[in-house]
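**Student:** Just passing along the structure, written as structure tokens.
Each reported figure results from applying straightforward, stated rules to the coordinates on display, with no laboratory input. Note that the structure is predicted; figures quoted are calculated from it, not measured. With ideal geometry, Cβ positions are generated from the backbone for all residues, glycine too; neighbour counts draw on all protein chains shown.
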Amino acid sequence: MESLTNQERLTTYISFSLIISILFVSIFLPPESILKWVLIGFGLILISVLMIYVFILYPGKDFQKGGSRKLRFSRPDSSSFQPTIIRPSGRAKDTIIEGKCHFCQNLAIMGFTCSYCKNYFCSEHRLPEKHQCERVLRV
Amino acid sequence: MFSFNSREKKELIAGTLIFVFVGLTINIKLEILIAAVTTLNIEILFFLFGLSLIIFPLWLFHELGHKFSAQYYGLRSQFHLYPNFAFLSLISVLFPIKFIAPGVVHVRGEYHSDISARIAMAGPLVNIMLGGIFLALSAFIGGNWGGMLSWVSYLSINIALFNLIPLSVLDGAKIYNWNFYAFLVLFGSSLILYIFHPYGILGGF
């Protein structure tokens, strides 16, 4: 829920309660009742309209105004940004093509050896930030 | 704000025709379809034409939902028809399990993963909305056409549910990776109807 705005969170709660209402209507009203299918239909329409407005159309308003450029192109300000450059300490001598990923312990075929800590990783955890590389973290 | 190019229009029309053809064979046997066309049975042809008009928005509006939402966020988007996928879709009419994915919408530009998830949400949400509209309409209309509309709403929910499977390139994976609760709302609403729909696995309960 952390990545959602307050409006999106509220919409999610309303949608959950609508889903539970639909579930109750589905269970307790008889299938021959027209009201059952009308209520379910309108419930689904309400959920989708709410979600489309709050999750898709509302965030897009910023884009229309041009203010959202920050969201799309959120690169650090060049004047204040001072990156720490960590140089790799040389290539691994032996190329390993099969082994266990040092991070997730799964079998990794054609995996990668980290240039910094020299451990072997699967494609998912090959980047230093993905396997919480000790050498990079130390810096 | 919303734009198409001429090639894309043709590909969208071709994709829609493929979807309508494969979609019709889900409920109507291929032999009956061929017989209706070869014998020129006006009554059945009229029925098929009417049904085609009802089901074509299910796929077309899904793809347009992705395309227009991407363009709404100021990104470039274009529908691409993949000939091999289109061929696979056409071939699937011969098998009990249908594959309907003649193409996909490509989005170009620089954007965050949450924007990607929001664009992915647009398609299934359109299908859930259409499912709700057709289900409510089927209750009001009743009779044969009511039954047909009810089946169309079930088809719409099936498309939404299939796209919401959180695997590889499907829309569900993008939404699931972004926010689990948003994914749960979409998946839950389509799953409930998949179970309790008159054509669903519990047969209306």
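**Student:** For A:Gln132 and B:Tyr181, FRET efficiency with R0 = 22 Å and r from the beta-carbon atoms, rounded to 0.05? Write out the running numbers ahead of the final one.
**Tutor:** Values: r = 27 Å, r/R0 = 1.21.
Efficiency, rounded to the nearest 0.05: 0.25.
**Student:** Enumerate the whole-percent occupancy of each 10 Å bin, from 0 to the last occupied one, for all C-alpha pair distances of the range A:98-138.
**Tutor:** Here the calculated profile for the range A:98-138 is 38, 55, 7.
**Student:** In addition: In peptide B:183-189, what is the residue-averaged number of other protein chain Cβ atoms found within 10 Å of each Cβ? Numbers along the way, then the final one.
**Tutor:** Values: counts 0, 4, 13, 5, 0, 8, 11.
Mean shielding count: 6.
**Student:** I need B:Met121, A:Met110, A:Met51 ordered by Cβ neighbour count within 10 Å, fewest first.
**Tutor:** If I rank by nearby Cβ atoms, fewest first, I get A:Met110, A:Met51, B:Met121.
**Student:** To continue, here is another question. Considering amide H positions built from the backbone, and no H for Pro or chain starts, which residues 5 or more places from B:Val104, or on another chain, come under 5 Å of its amide H?
**Tutor:** Here the answer is B:His80, B:Tyr82, since their amide H atoms fall under 5 Å of that of B:Val104.
**Student:** Now, a different point. Under 5 Å between amide hydrogens, which residues at least 5 positions from A:Lys100 or on another chain qualify, with H placed 1.01 Å from N in the peptide plane?
**Tutor:** A:Ala108
**Student:** Counting only C-alpha contacts under 8 Å and six or more residues apart, can you give the relative contact order of the range B:1-111 as a whole percent?
**Tutor:** After rounding, I find 35 percent.
**Student:** Let me ask you something else. For the protein assembly as shown, which semi-axes, largest first and in whole Å, follow from the square roots of 5 times the eigenvalues of its Cα gyration tensor?
**Tutor:** Values: eigenvalues 373, 124, 91 Å².
Whole-Å semi-axes of the equivalent ellipsoid: 43, 25, 21.
**Student:** Another one. Hey, got the average number of other protein chain Cβ atoms within 10 angstrom for residues in A:31-40? Working shown, then result.
**Tutor:** On the way: counts 6, 1, 1, 6, 1, 6, 14, 7, 3, 11.
What the average comes to for A:31-40 is 6.
**Student:** I need the phi-derived Karplus couplings for the range B:8-16: 6.51 cos²θ - 1.76 cosθ + 1.60, θ = phi - 60°, integer Hz, Gly and Pro marked x.
**Tutor:** 5, 4, 4, 5, 5, 5, 4, x, 5
**Student:** While we're looking at this one, here's another question. Could you sort A:101-107, A:7-13, B:34-40 so that the peptide with the highest average Cβ count within 10 Å comes first and the rest follow in order? Present the calculation step by step, with values, prior to reporting the outcome.
**Tutor:** Values: A:101-107: 14.6, A:7-13: 16.3, B:34-40: 11.1.
Peptide ranking by packing, descending: A:7-13, A:101-107, B:34-40.
**Student:** For every helix of n ≥ 4 consecutive DSSP H residues, a contribution of -39,500 (n - 2.57) applies; sum these over chain B, divide by its total residues, and give [θ] at 222 nm rounded to the nearest 500 deg cm²/dmol.
**Tutor:** Working: 8 runs with 146 residues, N = 205.
Computed mean residue ellipticity for chain B: -24000 deg cm²/dmol.
**Student:** With bins 10 Å wide starting at 0, give me the P(r) of chain B over every alpha carbon pair, in whole percents.
**Tutor:** Answer for chain B: a P(r) of 8, 32, 37, 19, 4, 0 percent.
**Student:** Given points 7 Å out from each Cα along the Cα-Cβ axis, report the A:Lys100 to B:Thr38 separation in nanometres with one decimal.
**Tutor:** 6.3
**Student:** Here's a follow-up. Enumerate the amide H contacts of B:Ser77 below 5 Å, restricted to partners 5 or more residues apart or on another chain; note that Pro and chain-start residues carry no placed amide H.
**Tutor:** B:Arg108
**Student:** Using the number of other C-beta atoms within 10 angstrom as an exposure proxy, rank B:Tyr154, B:Tyr199, B:Tyr181 with the fewest first.
**Tutor:** Sorted ascending by nearby Cβ count, the order is B:Tyr181, B:Tyr199, B:Tyr154.
**Student:** Give me the percent relative contact order of chain B, please, defined on Cα pairs under 8 angstrom at least 6 residues apart.
**Tutor:** Details: 257 pairs, mean separation 36.2, N = 205.
For chain B, the relative contact order is 18 percent.
**Student:** Further, regarding this structure: Convert each backbone phi in the range B:34-46 into a coupling constant with the Karplus relation 6.51 cos²θ - 1.76 cosθ + 1.60 (shift: θ = phi - 60°), then list the ³J(HN,Hα) values in order as whole Hz, x for Gly and Pro.
**Tutor:** My calculation for the range B:34-46 gives 5, 4, 5, 6, 6, 8, 6, 6, 4, 4, 5, 4, 5 Hz in order.
**Student:** At 7 Å along the Cα-to-beta-carbon direction for both B:His80 and A:Phe16, put a label point, then send me their distance in nm to one decimal.
**Tutor:** 3.9
**Student:** Ok, one more. Given q = 0.13, 0.21 Å⁻¹, what are the Debye log10 I(q)/I(0) values for the range B:135-205, with equal point scatterers placed on the Cα positions and solvent ignored?
**Tutor:** For the range B:135-205 at q = 0.13, 0.21 Å⁻¹, log10 I(q)/I(0) is -0.42, -0.83.
**Student:** On C-alpha positions alone, give me the angle between the axis of helix B:113-141 and the longest principal axis of chain B, in degrees, nearest 10.
**Tutor:** 30
**Student:** So what are the range B:39-139's ellipsoid semi-axes, whole angstrom, largest first, if each one is the square root of 5 times an eigenvalue of the alpha-carbon gyration tensor? Write out the running numbers ahead of the final one.
**Tutor:** Details: eigenvalues 181, 72, 27 Å².
Semi-axes, largest first: 30, 19, 12 Å.
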